[in-house]
Amino acid sequence: MTRNVLDIDDLTSEELTTVLDRAAAIKAGEEAGNPLEDETLAMIFEKPSTRTRVSFETGMTQLGGHAIFLGPDDIHLGDSEPVKDTARAVSRYADAIMARLFDHADAEELAEYATVPVINGLTDDAHPCQTLADLLTIREEYGGFDTVRVAWVGDGNNVAQSFVLGAAMVGLDLTVATPEGYEIDDEVLERAAELGTAPETTTDPEAAVADADVVYTDVFVSMGQEDERAEKLDAFEGFQVTTDLLGDRTLMHCLPAHRGEEVTDAVIESDNAIVWDQAENRLHAQNGLLVWLAERSE
């Protein structure tokens, strides 16, 4: 049966650990050969990206395969051609599909009609590939998850929601601080509780970071929310990760960062930031996922 990863909990906890182990092994050079030789990844982009495009395209090259970039001007996704027709046609050419889209329902429709694995490279609801990289980074930095405490400070957005689920799956101690009206969706919290433990939630950033080892933040104004900019910046007053708020804790950020908004330039340039390790681990985590999915499609 074709496996799709539209959010992190499309994997079981055991499968998640296996993918992270595979990613670490590939990163360490412990796996030789070209496991995806002669295979093609179709990369569908509605949203622009630096890390997603470069990491997937580089990863396919490293694994012996090939990636095709399909931007808004290259295909007719949901415009002059239904999503389901794109899914069925591209499945006849490519061995897997990665899609970076606005509407999560479009990713679900791609997965429903595709006959090859579909990976969510980001939608407005979820970002499982980022969560894989985040968990790989935390595991490298702290040797595991059992003794690490993480505070999410900022918007309860797609990155936060996937991270909440991933944290529950690996037993990571997580507290989420968001302004009122920008909380994690109740449905996501319920899924997290079923997977392990739902995070503690608060509207107080200082309380959230008090016992934390890691502070994780993301932009306050995501792509497609530009018309909400003034309103959101006002709502997120006091949630900026500053030198004072971070203290001697580790900083994580999925990038790109809006310096001077959710995080100060001094913080992201400090020795406390491991954001570039996160960025690099997008490549390795996705390599682990691509190989794992390919083996299940054989």
Residue check for residue 201: outside any loop (DSSP other than H, G, I, E, B), of a type in the set (S, T, N, Q) and closer than 26 Å to residue 9 by Cβ: yes
I'd like to know if segment 208-218 contains one or more residues that are modelled with pLDDT of 95 or more and part of a helix (DSSP H, G or I). yes
Qualifying residue in segment 152-159 (condition: assigned to a loop (DSSP other than H, G, I, E, B), free of Cβ contacts under 8 Å to residues at least 60 places away in the same chain, of a type in the set (Asp, Glu) and in contact with a helix residue (DSSP H, G or I) (Cβ under 9 Å, 6 or more places away or on another chain)): no
Top-ranked residue in segment 184-198 [being under 26 Å from residue 234 (Cα atoms) and within 18 Å of the chain's Cα centre (by Cα); ranked as surrounded by the fewest Cβ atoms within 10 Å (Cβ to Cβ)]: 185
Only one of 209, 215 is hydrophobic (A, V, I, L, M, F, W, C), within 19 Å of residue 154 (Cβ to Cβ) and under 18 Å from the mean Cα position of the chain (by Cα). Can you tell me which? 215
Among (1) within 14 Å of the chain's Cα centre (by Cα); (2) under 19 Å from residue 221 (Cα atoms); (3) among the charged types (D, E, K, R) - the single one residue 155 does not satisfy: (1)
Residue list for segment 55-74, restricted to those being surrounded by 18 or more Cβ atoms within 10 Å (Cβ to Cβ) and hydrophobic (A, V, I, L, M, F, W, C): 56, 60, 63, 67, 70
Hey, can you tell me all the residues within segment 169-186 that are in a strand (DSSP E or B) and not hydroxyl-bearing (Ser, Thr, Tyr)? 173, 174, 176, 177
In this structure, does residue 211 turn out to be acidic (Asp, Glu) and without any contact (Cβ under 8 Å) to a residue 60 or more places away in the chain? no
Candidate set: segment 242-298, residues that are in a helix (DSSP H, G or I) and exposed (fewer than 13 other Cβ atoms within 10 Å of the Cβ); chosen: the one farthest from the chain's Cα centre (by Cα): 244
Within segment 35-54, the residues that are farther than 19 Å from residue 103 by Cα, over 16 Å from the mean Cα position of the chain (by Cα) and buried (at least 16 other Cβ atoms within 10 Å of the Cβ) are 35, 36, 39, 40, 41
Any idea which residue in segment 119-144 is surrounded by the most Cβ atoms within 10 Å (Cβ to Cβ), counting only those that are in contact (Cβ under 8 Å) with a residue 24 or more places away in the chain and farther than 17 Å from residue 288 by Cβ? 122
May I ask you to list the residues in segment 134-151 that are in a helix (DSSP H, G or I), touching a Leu at 6+ places or on another chain (Cβ under 8 Å) and farther than 24 Å from residue 186 by Cα? 136, 138, 139
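The values are calculated or read from the model by the stated rules, or taken from the named source; none is laboratory data. Computed from a predicted structure; not experimentally measured. Don't worry about glycine lacking a Cβ; one is built from the backbone with ideal geometry, like all the others, and counts go over all protein chains shown.
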